[in-house]
1. Starting from the eigenvalues of the Cα gyration tensor, five times each then square-rooted, give me the equivalent ellipsoid semi-axes of the stretch 232-452, largest first, whole Å.
2. Give, in nm to one decimal, the length gained when the segment between residue 279 and residue 453 is fully stretched (0.36 nm per residue of separation minus the Cα-Cα distance).
3. Bin width 5 Å, alpha-carbon pairs only: give the P(r) of the stretch 390-447 as whole percents, running from 0 to the bin holding the largest distance.
4. Give me the compactness ratio for the stretch 300-379, meaning the Cα radius of gyration over 2.2 N^0.38 Å.
5. For the stretch 154-218, max minus min Cα coordinate along each principal axis, in Å, sorted largest first?
6. Pop a pseudo-label 7 angstrom from the Cα along the beta-carbon direction at both residue 262 and residue 363 and give the gap in nm to one decimal.
7. What is the spin-label model distance, in nm, from residue 401 to residue 18 if the labels are put 7 Å beyond Cα along the C-beta direction?
8. In nm, give the distance between the simple-model label positions of residue 429 and residue 151, each being 7 Å from the Cα along the Cα-to-Cβ direction.
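Bear in mind these aren't lab numbers, they're just calculated from the coordinates by the rules spelled out. No experiment lies behind these values; they were computed from the predicted model shown. Positions of Cβ are backbone-derived with ideal geometry, glycine not excepted, and every protein chain shown enters the neighbour counts.
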Ligand SMILES: [Zn+2]
């Protein structure tokens, strides 16, 4: 009785055992398949990783792959287990032979390729892109990077100026892209220094200049556009944002420069008549103080005064050692959309008795920009009158002439202010006086205010 009962049950027990064995085999097979897929992936990745070359690099890709594959595998296994277990409960309660034998081929087919590789393939597809990321992000250990090496910078919080035309680069290496190209004499905020590279801030962006191309150390931005959060145009420096903006753009051109440039340029657009690009100017009869320096001193004061009054100011230069032709200066004003182009000069005459203030604009028959005559004449009158009244200097006149390159190339109202005669002893002394310069500046600013009324 007992035996026969066992015998009766035996087939079921055997059936169940066989079913369990089959399931175990399926699971084992599944795992094996994934492993081979994983190794395929690995070799693929190493191949792509070869572009990085170097044994260390491929090593790192390998180790990375291992990590990546591990996660992939485990997720693949999880997926496989899920699909298996979802099948298992169905299988177990059904000890039917037929059911078991039917399930075998069912399990077998997906095994060979369709369902199973799917999660692994997904992983591979994701892996292809995410691994590229993985390779850069969690990879602090191997550092065979051929690109810029980390450079130590001494922290700085001051200003420097560009010594030449310089490239601002996005990294401390000539292999990096050029962010901007700046002309000589551009003042910039410095945040870091080392012998080779200087880190500066330009237009809100940290850039690098080759240190030998940097000069001077300043505490002040000197109203430099970048320090004040504005942009620059060519050689010009744009300053704004101190006073309440009044919407007017002024270009100030401090006449001359340290060294004149006798190369020639057309007297006006399309002109065959050529004139020296820029002369070196005059100098004080008594002191020998050069006009270009005086012009810059007054121009910088004027810039600050105008900015305080809400004007946006573009400077053709803010240092003396530049090389900007008169036509180029006019172009800077035009490019900036200046509504008044104020050119600051001082005069001289062989007759040392001559003194006084005058302004200059084009004639109403100018062949290049006669249409600017009436506005330029108005600007010239206004500036002349106000400078005379603020300084008490002798009023000479508005000289109308078409011989000035920087006027002929102008595309907006323009005037040259001849502040006084450096050949006259008394006037030279005044011109070099700080208070008198301030009076000139107030006069010019008042004249500009009136021009826009
Ligand atoms: Zn001059």
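1. One finds semi-axes of 23, 21, 17 Å for the stretch 232-452.
2. Between residue 279 and residue 453, full extension yields 59.2 nm more.
3. 4, 15, 23, 21, 17, 15, 5, 0
4. 1.28
5. Projected onto the principal axes, the Cα atoms of the stretch 154-218 cover 28, 24, 23 Å.
6. Simple spin-label model gives 2.9 nm for this pair.
7. It works out to 11.8 nm between the two label points.
8. 5.3 nm
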